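Peer 1: Quick one: structure below, then a few questions.
The values are calculated or read from the model by the stated rules, or taken from the named source; none is laboratory data. In this text, all values refer to a predicted model and were calculated from it rather than measured experimentally. As a convention, Cβ positions derive from the backbone with ideal geometry for all residues, glycine included, and neighbour counts pool all protein chains shown. Surface accessibility is based on the protein's heavy atoms, side chains included, excluding ligands, DNA and RNA. Shrake-Rupley method; radii C 1.70, N 1.55, O 1.52, S 1.80 Å.
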Amino acid sequence: MNDNPAQNTYPNPPTTPGGQLGPIGTVRSTGVCILLAVITFGIYTWVWWYKTHAEMKRHNGAGLGGGVALLLGIFLPFVVAYVTPSEVGGLYERRGQRKPVGGATGLWYFPGCFIVIGPLVWFIKTNGALNSYWRSLGAS
């Protein structure tokens, strides 16, 4: 067994540019997030983008961060729909794992919105991959 606790928790730990792993993010129930988005008429999606991007930036030191993601979510949601799964996939890639989602997942959001169910598929895939990543690091 290795003396480094981070290496005992998971293989190939991701690191920030300074070499340190940041805090683990929050697991968010996909169903609850969808419900909140519906009852807030979409406002919760902005909260979700802000929180998830802020957590990913704190965790690995890369990515948009919460503020930029929020602005993109408000003014250019189709752009952040491609960036978000790309950043989630990058978390896996830094650990040497296969990316479950990537930039191409954004196609479910746009032009997938024209088949109505596309954004729902996008969210289930993206939030599910992010939750799996956090759980693999010990989040519950």
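Peer 1: Can you tell me which residues in the range 108-133 are out of contact with any Phe, Trp or Tyr (no Cβ under 8 Å at 6 or more places or on another chain) and over 14 Å from CYS33 (Cβ atoms)?
Peer 2: PRO111, CYS113, PHE114, ILE115, VAL116, ILE117, SER132
Peer 1: Say we look at the range 115-137 and pick out the residues that are open to solvent by 60 Å² or more (accessible area, probe 1.4 Å) and touching a Ser or Thr at 6+ places or on another chain (Cβ under 8 Å); which of these is farthest from VAL83 (Cα to Cα)?
Peer 2: The residue in question is ILE124.
Peer 1: Here's a follow-up. What is the number of the single condition among (1) at pLDDT 95 or above; (2) within 18 Å of ALA139 (Cβ to Cβ); (3) of a type in the set (A, V, I, L, M, F, W, C) that ALA6 does not meet?
Peer 2: (1)
Peer 1: A further question on this structure: Name every residue in the range 19-32 that is closer than 21 Å to GLN97 by Cα and either modelled with pLDDT of 95 or more or open to solvent by less than 80 Å² (accessible area, probe 1.4 Å) (or both), in order of residue number.
Peer 2: GLY19, LEU21, GLY22, PRO23, ILE24, GLY25, THR26, VAL27
Peer 1: Please determine whether any residue of the range 56-63 is in contact (Cβ under 8 Å) with a residue 24 or more places away in the chain, touching a His at 6+ places or on another chain (Cβ under 9 Å), open to solvent by less than 20 Å² (accessible area, probe 1.4 Å) and within 27 Å of LEU137 (Cα to Cα).
Peer 2: no
Peer 1: Consider only pairs whose beta carbons are under 6 Å apart and that are at least six residues apart or on different chains; among these, list those whose first residue lies in the range 67-78 and is more than 19 Å from MET56 (Cα to Cα) and whose second residue is at pLDDT below 95.
Peer 2: PHE78/PHE110
Peer 1: While we're on this one: Among the residues of the range 99-140, how many are under 14 Å from SER29 (Cα atoms) and either without any contact (Cβ under 8 Å) to a residue 40 or more places away in the chain or hydroxyl-bearing (Ser, Thr, Tyr) (or both)?
Peer 2: 4
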